[in-house]
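The values are calculated or read from the model by the stated rules, or taken from the named source; none is laboratory data. Source: prediction; values computed, not measured. Cβ placement follows ideal geometry from the backbone for every residue including glycine, while neighbour counts extend to all protein chains displayed. The accessibility values were calculated without ligands, DNA or RNA, using every heavy atom of the protein model including side chains. Shrake-Rupley method; radii C 1.70, N 1.55, O 1.52, S 1.80 Å.
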Amino acid sequence: MSTPGKKETVAERVKRESRGLRGTLAESLKDEHTGSLRADDQLLLKFHGMYQQDDRDRREERTLKKLDRLHSFMIRLRIPGGMVGPVHWEELHNVAGKNSTGTIKITTRQTVQLHGILKTQIKPTIKAFDQVFLDSIAACGDVNRNVTCTSNPTASPLHKEVFGYAGEISRSLLPKTRAYYEIWLDEKQLVEKEEPKDPLYKDLYLPRKFKIAIAIPPHNDVDIFTNDIGLIAIIENGALIGFNVSIGGGLGTTHGNPDTYPRLGTVIGFIEKKDVLKVVYEIVTVQRDFGNREDRKLSRLKYTVDRMGIDTYKKEVESRTGIPFQPAKNYKFETRTDEFGWRQDTAGNWHYTVFVENGRVLDENGYNLKSALLEVSKTRRAVFRFTCNQNVILSDVLPKDKELIHEILVRYDVDKKTTEASPLRKNSIACVALSTCSLALAEGQRYLPSLVDKIEGILIKYGLKNEPITIRMTGCPNGCARPYISEIGLVGTAYGKYNLHLGADWEGARMNRKYKESLDEDQILNELDLLLGRFSKERKKSESFGDFINNLGIL
Ligand code: SRM
Ligand code: SF4
């Protein structure tokens, strides 16, 4: 029911009327007259891990021809902790080739997306994934999304134990409805009264999307403080004892709406590992019950926390769990970047982090990364771990198999690309943006590589070519590539125009600030030329670019 006297938003009504996220999706799907779904079903589709989109490059041409938009669908998989086996990768490769644009996109939340899937191909795609036990349940929508975790097993001898929590938390927060299985996998439909009750999501789900990440210090590759809940693993005397808990991180803003803002999470205390599922669950229920359901722009947990006050929120969680938070334990983050190339873990196994520019896995311009990864998967001698920096780690390789994998990486130039890319390029992230993202105001992944070429020229000029500066670009202020915590952040405002943000730190604990608005390429390059020139001459020993700018007092 909607609250009396308050106007119910479309999103809230659609959830309430959805009968466990079913709506009329099954009927919409069968309608052969259109490649699109009914409006309400488009909203519900997100809870099943999919988005209806259209090819924006072709909008104008189709409008001129009086044709409907060229609709297609994006599917985002749910892969807690970002790990899949070689069999999964091979299936992903095959499905991508058959049903989508062919490009496999590694996302900033450690999973993959396929784009350009026609309506008639959705069910076969979901079925193909199901064959290898992959699903897209709750990868989008007003529910808990993909749970991320520090990717590289070399991060700690306890990586496996910590990583296990990503799967456990994801499972414990999944919606209970069988709708996904009925609609996409033809499971026999349950009579409504047989549907299991969903004590967490009830019939209104959450006010908004919800994100959880787990980090193993000193690695903050997941950008822990940008999540609704961040769990910082605390390891003492070689044992995982529990987690520091951070709440209220989130980056999305809206140009021109001063009520919206990016916020880094606040650490509210420490909990023992035996309590983690219960505490996480109740942090979610407090947001479910107190989050803003009238204005979706202000409905993320960060706004609830600021409205209620952090102490009140914390007390509400404690009263629901009966578990008081202990004082936060000491921890220190030192890095957010991936460690490229081969690394060995304490058990002796090898892991190779492949640089994947902007997460796009495809065969293009003579560089056949997709074929190389397929060949690796066919050896069955490596698993695939996606990173929140949009790269992939070919992981858990036994010492005897290292040479076999290495030979493939060399033969396809993957090793060369990974080794030779500049630190700036390896620290670059761009969101999807055009042509599929309906919210994009400017280019993202299609443009950043060529801008990096030009910034590399400036770095060489000032003797800074090995400087590991982080640069991130998004096509709009929603923040999908987390541009507000990179040393150089570029946030799209209009086609070819970006706000320039500067001054974030290296560990992901300090956001940057807007330095100049709506710059075109020449203006961006001029500003960076000036500041990088000063950086090369005036920096203190081992001062990062972000710290240098922050200390300059120009922001
Ligand atoms: Fe995002 C919406 C892509 C990570 C904040 N994001 C979208 C949509 C679905 C556009 C839409 O709603 O129609 C984009 C689909 C583009 C496409 O064509 O594929 C989209 N977001 C992405 C991905 C694929 C970017 C990438 O290139 O890797 C990332 C997928 C992650 C995943 O696997 O789940 C992605 N999005 C993020 C992140 C980063 C993160 O979570 O670490 C953020 C900022 C953190 C946060 O949530 O605050 C982010 N996306 C948003 C927002 C702003 C939310 C807000 O609180 O205001 C939107 C818009 C919305 O929700 O209304 C959005
Ligand atoms: Fe789309 Fe904006 Fe996210 Fe980029 S930041 S993918 S343009 S919603």
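Results, tabulated for the structure shown:
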read-out	value
Pairs from Lys127/Lys400; Lys46/Lys417; Lys7/Lys46; Lys123/Lys209; Lys105/Lys416; Lys15/Lys197 whose Cα-Cα separation, in the structure shown, is over 26 Å	Lys127/Lys400; Lys46/Lys417
Asp396, Asp57, ranked by accessible area, largest first (probe 1.4 Å)	Asp57, Asp396
Per residue convex hull volume, Cα atoms of region 251-393, in Å³	205 Å³
In Hz, Karplus ³J(HN,Hα) per residue of region 395-408 (6.51, -1.76, 1.60; θ = phi - 60°; x = Gly, Pro)	10, 6, 8, 5, x, 5, 9, 4, 5, 4, 5, 4, 4, 5
Accessible area per residue, Å², the chain with all protein chains present, probe 1.4 Å	41 Å²
Residue-by-residue Karplus 3J(HN,Hα) for region 417-433, coefficients 6.51, -1.76, 1.60, Hz, glycine and proline x	4, 5, 6, 8, 4, 5, x, 4, 5, 5, 9, 9, 9, 10, 7, 4, 6
Note, ³J(HN,Hα) from phi for region 453-463, Karplus 6.51, -1.76, 1.60, rounded to Hz, x at Gly and Pro	3, 6, 5, 4, x, 5, 4, 5, 4, 9, x
Convex hull of region 425-552 built on C-alpha atoms - directionally averaged projected area, nm²	6.9 nm²
Theoretical gain in end-to-end length, Thr346 to Arg38 [0.36 nm per residue, Cα-Cα removed]	105.6 nm
Distance from region 111-134 to region 320-390 (C-alpha centre basis), Å	23 Å
Share of carbon and sulfur in the accessible heavy-atom surface of region 425-552 [1.4 Å probe, %]	51 percent
Calculated FRET value between Ser450 and Arg513, using beta carbons and R₀ = 22 Å, to 0.05	0.25
Distance histogram in 5 Å bins (all Cα pairs of region 341-421, percent per bin)	3, 16, 29, 28, 17, 6, 1, 0
Spherically averaged projected area of the chain from its Cα convex hull (nm²)	26.6 nm²
Stretch gain in nm, segment Lys202-Ser438, where the contour uses 0.36 nm per residue and the Cα spacing is subtracted	82.0 nm
